Amino acid sequence: MRRGLSTRLLGISGKVLVGLILAFIVLPALVVTLAAFNDRAILSFPPAKYSTRWFTRALTYRDFQTGLWNSLVVTAWASTIALGVGTGFAIALKRYSFRLKAALEGVLLSPLIVPHFTIGLGLLVLATGIGAARGFSVVVLTHVVVVLPFVIRSVYISLQNIDERLELAAASLGARPGRVLSTITLPLLAPGLVSGWLFAAILSFNEFTASLFVTGQATQTLPVAMYGYVREFADPTLAAVSVIYIAVTALALTVANTFLGLGKVLNVEQGR
(Lines give C-alpha, C1' and ligand atoms only; values in the text may rest on other atoms or scores of the structure.)
Protein backbone atom coordinates (compact mmCIF):
# COMPACT_ATOMS: atom_id res chain seq x y z
CA MET A 1 0.00 0.00 0.00
CA ARG A 2 2.71 2.42 1.03
CA ARG A 3 4.80 1.34 -1.92
CA GLY A 4 1.94 2.04 -4.33
CA LEU A 5 1.38 5.45 -2.76
CA SER A 6 5.09 6.27 -3.04
CA THR A 7 5.06 5.24 -6.70
CA ARG A 8 2.08 7.50 -7.44
CA LEU A 9 3.67 10.42 -5.58
CA LEU A 10 6.90 9.88 -7.47
CA GLY A 11 5.02 9.85 -10.77
CA ILE A 12 3.15 13.05 -9.90
CA SER A 13 6.38 14.74 -8.77
CA GLY A 14 8.04 13.76 -12.03
CA LYS A 15 5.21 15.24 -14.10
CA VAL A 16 5.28 18.45 -12.05
CA LEU A 17 9.05 18.72 -12.50
CA VAL A 18 8.77 18.20 -16.26
CA GLY A 19 6.00 20.82 -16.38
CA LEU A 20 8.15 23.33 -14.48
CA ILE A 21 11.13 22.71 -16.80
CA LEU A 22 8.93 23.19 -19.87
CA ALA A 23 7.47 26.38 -18.39
CA PHE A 24 10.98 27.65 -17.64
CA ILE A 25 11.92 27.06 -21.29
CA VAL A 26 8.73 28.37 -22.91
CA LEU A 27 7.96 31.33 -20.63
CA PRO A 28 10.78 33.62 -21.93
CA ALA A 29 9.65 33.04 -25.52
CA LEU A 30 6.05 33.82 -24.53
CA VAL A 31 7.08 37.06 -22.80
CA VAL A 32 9.20 38.15 -25.78
CA THR A 33 6.35 37.33 -28.19
CA LEU A 34 3.87 39.48 -26.27
CA ALA A 35 6.42 42.29 -25.85
CA ALA A 36 6.99 42.33 -29.62
CA PHE A 37 3.38 43.48 -30.12
CA ASN A 38 3.73 46.38 -27.68
CA ASP A 39 2.53 49.68 -29.15
CA ARG A 40 4.89 51.76 -26.98
CA ALA A 41 8.35 52.70 -28.22
CA ILE A 42 10.03 51.03 -25.27
CA LEU A 43 10.47 47.36 -24.46
CA SER A 44 8.04 46.61 -21.64
CA PHE A 45 5.73 43.85 -20.41
CA PRO A 46 2.80 43.42 -20.38
CA PRO A 47 1.76 45.62 -23.33
CA ALA A 48 -0.97 48.19 -22.72
CA LYS A 49 -1.84 48.37 -26.43
CA TYR A 50 -0.95 46.04 -29.27
CA SER A 51 0.67 46.87 -32.61
CA THR A 52 2.60 45.14 -35.40
CA ARG A 53 4.70 48.15 -36.37
CA TRP A 54 7.86 46.73 -34.82
CA PHE A 55 7.70 43.77 -37.17
CA THR A 56 7.60 46.20 -40.07
CA ARG A 57 10.64 47.99 -38.67
CA ALA A 58 12.47 44.71 -38.13
CA LEU A 59 11.91 43.67 -41.74
CA THR A 60 12.78 47.06 -43.25
CA TYR A 61 15.71 48.15 -41.05
CA ARG A 62 18.67 48.32 -43.43
CA ASP A 63 21.31 46.95 -41.04
CA PHE A 64 19.12 43.90 -40.37
CA GLN A 65 18.63 43.31 -44.09
CA THR A 66 22.37 43.52 -44.72
CA GLY A 67 23.13 41.39 -41.67
CA LEU A 68 20.63 38.73 -42.75
CA TRP A 69 22.16 38.47 -46.21
CA ASN A 70 25.68 38.31 -44.77
CA SER A 71 24.58 35.63 -42.29
CA LEU A 72 23.06 33.52 -45.06
CA VAL A 73 26.20 33.80 -47.20
CA VAL A 74 28.57 33.02 -44.30
CA THR A 75 26.37 30.16 -43.06
CA ALA A 76 26.17 28.54 -46.51
CA TRP A 77 29.93 28.69 -47.05
CA ALA A 78 30.97 27.81 -43.48
CA SER A 79 28.61 24.85 -43.04
CA THR A 80 29.46 23.41 -46.46
CA ILE A 81 33.23 23.77 -45.98
CA ALA A 82 32.96 22.36 -42.45
CA LEU A 83 31.01 19.39 -43.81
CA GLY A 84 33.69 18.53 -46.37
CA VAL A 85 36.62 19.05 -44.00
CA GLY A 86 34.87 17.43 -41.02
CA THR A 87 33.91 14.34 -43.03
CA GLY A 88 37.50 13.85 -44.12
CA PHE A 89 38.83 14.18 -40.58
CA ALA A 90 36.09 11.92 -39.17
CA ILE A 91 36.98 9.15 -41.63
CA ALA A 92 40.69 9.54 -40.88
CA LEU A 93 40.14 9.42 -37.11
CA LYS A 94 37.77 6.43 -37.29
CA ARG A 95 39.42 4.27 -39.93
CA TYR A 96 43.17 4.91 -39.65
CA SER A 97 45.85 4.72 -36.98
CA PHE A 98 48.75 7.17 -37.07
CA ARG A 99 51.08 9.04 -34.78
CA LEU A 100 49.65 11.97 -32.80
CA LYS A 101 46.11 10.85 -33.61
CA ALA A 102 44.87 11.72 -30.11
CA ALA A 103 46.57 15.12 -30.28
CA LEU A 104 44.95 15.86 -33.65
CA GLU A 105 41.53 14.88 -32.31
CA GLY A 106 42.04 17.11 -29.30
CA VAL A 107 42.94 20.08 -31.49
CA LEU A 108 39.95 19.53 -33.79
CA LEU A 109 37.52 19.29 -30.88
CA SER A 110 39.09 22.12 -28.84
CA PRO A 111 36.54 24.75 -29.98
CA LEU A 112 34.05 22.90 -27.78
CA ILE A 113 35.90 24.10 -24.68
CA VAL A 114 37.86 27.15 -25.86
CA PRO A 115 35.82 30.35 -25.36
CA HIS A 116 34.58 31.74 -28.66
CA PHE A 117 35.89 35.22 -27.88
CA THR A 118 39.35 33.65 -27.68
CA ILE A 119 38.89 32.09 -31.12
CA GLY A 120 37.60 35.36 -32.57
CA LEU A 121 40.37 37.45 -31.07
CA GLY A 122 43.06 35.00 -32.13
CA LEU A 123 41.85 34.85 -35.72
CA LEU A 124 41.52 38.65 -35.79
CA VAL A 125 45.16 39.04 -34.73
CA LEU A 126 46.24 36.37 -37.25
CA ALA A 127 44.23 37.95 -40.07
CA THR A 128 45.54 41.42 -39.27
CA GLY A 129 49.07 40.10 -39.60
CA ILE A 130 48.42 38.90 -43.14
CA GLY A 131 46.32 41.90 -44.15
CA ALA A 132 42.94 40.12 -44.38
CA ALA A 133 41.22 41.54 -41.29
CA ARG A 134 37.42 41.69 -41.25
CA GLY A 135 36.90 40.30 -44.74
CA PHE A 136 34.33 37.63 -45.58
CA SER A 137 37.04 34.98 -45.85
CA VAL A 138 38.06 35.57 -42.23
CA VAL A 139 34.44 35.47 -41.03
CA VAL A 140 33.84 32.19 -42.88
CA LEU A 141 37.08 30.70 -41.51
CA THR A 142 36.06 31.69 -37.98
CA HIS A 143 32.68 30.01 -38.33
CA VAL A 144 34.26 26.88 -39.80
CA VAL A 145 36.54 26.59 -36.77
CA VAL A 146 33.59 27.04 -34.39
CA VAL A 147 31.23 24.50 -36.01
CA LEU A 148 33.78 21.90 -37.19
CA PRO A 149 33.69 19.78 -33.98
CA PHE A 150 29.93 19.26 -34.31
CA VAL A 151 30.29 18.03 -37.89
CA ILE A 152 33.13 15.69 -36.94
CA ARG A 153 31.19 14.13 -34.07
CA SER A 154 28.03 13.72 -36.15
CA VAL A 155 29.83 12.00 -39.02
CA TYR A 156 31.98 9.95 -36.62
CA ILE A 157 28.86 8.52 -34.95
CA SER A 158 27.42 7.61 -38.35
CA LEU A 159 30.69 5.87 -39.26
CA GLN A 160 30.42 3.74 -36.13
CA ASN A 161 27.01 2.53 -37.28
CA ILE A 162 28.24 1.47 -40.74
CA ASP A 163 28.95 -2.21 -41.31
CA GLU A 164 32.44 -2.15 -42.82
CA ARG A 165 31.83 -5.57 -44.36
CA LEU A 166 29.65 -3.87 -46.99
CA GLU A 167 32.62 -1.80 -48.12
CA LEU A 168 34.91 -4.83 -48.03
CA ALA A 169 32.41 -6.80 -50.10
CA ALA A 170 32.27 -4.05 -52.74
CA ALA A 171 36.08 -3.87 -52.83
CA SER A 172 36.38 -7.65 -53.14
CA LEU A 173 34.12 -7.49 -56.20
CA GLY A 174 36.52 -5.12 -57.92
CA ALA A 175 35.18 -1.68 -56.96
CA ARG A 176 37.89 0.94 -56.72
CA PRO A 177 38.22 2.96 -53.47
CA GLY A 178 36.59 6.02 -55.05
CA ARG A 179 33.61 3.96 -56.22
CA VAL A 180 33.26 2.31 -52.82
CA LEU A 181 33.23 5.76 -51.24
CA SER A 182 30.62 7.19 -53.62
CA THR A 183 28.30 4.16 -53.82
CA ILE A 184 28.58 2.59 -50.36
CA THR A 185 30.16 4.84 -47.74
CA LEU A 186 28.60 8.23 -48.53
CA PRO A 187 25.02 6.93 -49.00
CA LEU A 188 25.25 5.14 -45.65
CA LEU A 189 26.66 8.31 -44.12
CA ALA A 190 23.81 10.45 -45.44
CA PRO A 191 21.96 10.88 -42.10
CA GLY A 192 25.17 11.96 -40.37
CA LEU A 193 26.09 14.30 -43.22
CA VAL A 194 22.68 15.98 -43.20
CA SER A 195 22.56 16.31 -39.42
CA GLY A 196 26.15 17.61 -39.36
CA TRP A 197 25.32 20.24 -41.98
CA LEU A 198 22.15 21.26 -40.10
CA PHE A 199 24.00 21.62 -36.79
CA ALA A 200 26.73 23.62 -38.50
CA ALA A 201 24.23 25.89 -40.27
CA ILE A 202 22.22 26.58 -37.11
CA LEU A 203 25.31 27.30 -35.02
CA SER A 204 26.90 29.43 -37.73
CA PHE A 205 23.78 31.50 -38.30
CA ASN A 206 23.48 32.24 -34.58
CA GLU A 207 27.19 32.72 -33.85
CA PHE A 208 27.82 36.07 -32.16
CA THR A 209 30.82 36.11 -29.83
CA ALA A 210 33.55 35.19 -32.31
CA SER A 211 31.82 37.12 -35.11
CA LEU A 212 31.95 40.32 -33.07
CA PHE A 213 35.76 40.36 -33.36
CA VAL A 214 36.14 39.52 -37.05
CA THR A 215 33.26 41.38 -38.71
CA GLY A 216 33.19 44.98 -39.89
CA GLN A 217 30.41 47.28 -41.02
CA ALA A 218 30.26 45.63 -44.45
CA THR A 219 30.52 42.04 -43.19
CA GLN A 220 28.52 42.14 -39.95
CA THR A 221 26.15 39.21 -39.48
CA LEU A 222 22.60 39.47 -38.16
CA PRO A 223 23.48 38.73 -34.50
CA VAL A 224 26.16 41.45 -34.61
CA ALA A 225 23.68 43.87 -36.22
CA MET A 226 21.20 43.08 -33.45
CA TYR A 227 23.86 43.79 -30.84
CA GLY A 228 24.60 47.14 -32.46
CA TYR A 229 20.89 47.96 -32.53
CA VAL A 230 20.28 47.21 -28.85
CA ARG A 231 23.15 49.54 -27.91
CA GLU A 232 21.31 52.46 -29.54
CA PHE A 233 17.60 51.69 -29.17
CA ALA A 234 15.35 50.22 -26.49
CA ASP A 235 12.20 49.62 -28.54
CA PRO A 236 10.55 46.20 -29.15
CA THR A 237 12.17 45.73 -32.58
CA LEU A 238 14.57 43.06 -31.28
CA ALA A 239 11.63 41.27 -29.69
CA ALA A 240 9.98 41.24 -33.11
CA VAL A 241 13.18 39.85 -34.66
CA SER A 242 13.20 37.14 -31.99
CA VAL A 243 9.61 36.16 -32.82
CA ILE A 244 10.54 35.94 -36.50
CA TYR A 245 13.52 33.75 -35.54
CA ILE A 246 11.24 31.40 -33.60
CA ALA A 247 8.66 31.21 -36.40
CA VAL A 248 11.22 30.56 -39.14
CA THR A 249 13.01 27.92 -37.04
CA ALA A 250 9.74 26.14 -36.26
CA LEU A 251 8.79 26.20 -39.95
CA ALA A 252 12.21 24.89 -41.01
CA LEU A 253 12.06 22.02 -38.49
CA THR A 254 8.52 21.16 -39.58
CA VAL A 255 9.56 21.03 -43.24
CA ALA A 256 12.68 18.99 -42.38
CA ASN A 257 10.60 16.55 -40.35
CA THR A 258 7.99 16.24 -43.13
CA PHE A 259 10.39 15.57 -45.99
CA LEU A 260 13.43 14.07 -44.25
CA GLY A 261 12.31 12.78 -40.87
CA LEU A 262 14.18 14.37 -37.96
CA GLY A 263 14.57 11.06 -36.17
CA LYS A 264 16.55 9.64 -39.09
CA VAL A 265 18.44 12.84 -39.84
CA LEU A 266 19.53 13.33 -36.22
CA ASN A 267 20.49 9.65 -35.80
CA VAL A 268 17.93 9.00 -33.07
CA GLU A 269 15.61 6.71 -35.03
CA GLN A 270 16.14 3.11 -34.11
CA GLY A 271 16.47 0.60 -36.91
CA ARG A 272 13.61 -1.87 -37.24
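The values are calculated or read from the model by the stated rules, or taken from the named source; none is laboratory data. Keep in mind that this is a model prediction, so the values were computed, not measured. When we count neighbours, we look across all protein chains shown, and the Cβ atoms used for this are built from the backbone with ideal geometry, even at glycine. Only protein heavy atoms, including side chains, enter the accessible area calculation; ligands, DNA and RNA are left aside. Shrake-Rupley method; radii C 1.70, N 1.55, O 1.52, S 1.80 Å.
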| query | Hey, with R₀ at 35 Å, roughly what FRET efficiency would Ala234 and Ala103 work out to, going by the Cβ-Cβ distance, to 0.05? | reply | 0.10
| message | With a cut-off of 8 Å between alpha carbons and a minimum separation of six or more residues, what is the relative contact order of the range 75-201 in percent? | response | 42
| task | Kindly identify the chain as rounded, prolate or oblate by the Cα gyration tensor criterion: order the square roots of the eigenvalues as a ≥ b ≥ c, call it rounded if a/c is under 1.5, otherwise compare a/b with b/c, prolate if a/b is larger, else oblate. | result | oblate
| Cβ charges +1 (Lys, Arg) and -1 (Asp, Glu), total dipole of the chain, debye | 680
| task | Could you pull out every residue, at least 5 positions away or on a different chain, whose amide H is within less than 5 Å of the one on Asn38? Hs are placed 1.01 Å off N in the peptide plane, and Pro or chain starts have none. | result | Ser51
| field | Shape call, the range 1-140: gyration tensor on alpha carbons, a/c limit 1.5 | value | oblate
| Per residue, how much accessible area does the range 80-134 have with a 1.4 Å probe, in Å²? | 62
| message | Using DSSP to call loops (not H, G, I, E or B), can you name the trypsin sites (Lys or Arg not before Pro) in the range 14-114 whose Cβ has at most 10 other Cβ atoms within 10 angstrom? | response | Lys49, Arg99
| request: Indicate the helices, whole DSSP H runs only, in the chain that combine a mean Kyte-Doolittle hydropathy of 0.0 or more with a Cα extent along their long axis of 24 angstrom or more. | output: 2-36, 62-95, 136-160, 186-206, 237-259
| Theoretical gain in end-to-end length, Arg62 to Asn206 [0.36 nm per residue, Cα-Cα removed] | 49.9 nm
| note | Placing each pseudo-label 7 Å from Cα in the direction of the beta carbon, Arg165 and Ile113 end up separated by a distance in nanometres of 3.8
| query | How much of the accessible area of the chain, in percent, comes from carbon and sulfur atoms when a 1.4 Å probe is used? | reply | 69
| message | Between Ile157 and Ala247, how high is the FRET efficiency from 1/(1 + (r/R0)^6) when r is the Cβ-Cβ distance and R₀ = 25 Å? Nearest 0.05. | response | 0.25
| message | If I take R0 = 22 Å and measure r between the Cβ atoms of Ala132 and Leu72 in this structure, what FRET efficiency does the formula 1/(1 + (r/R0)^6) give, to the nearest 0.05? | response | 0.50
| the chain: longest stretch without exposed chymotrypsin sites (Phe, Trp or Tyr not before Pro) (DSSP loop, at most 10 other Cβ within 10 Å), sites themselves excluded? | 99-272
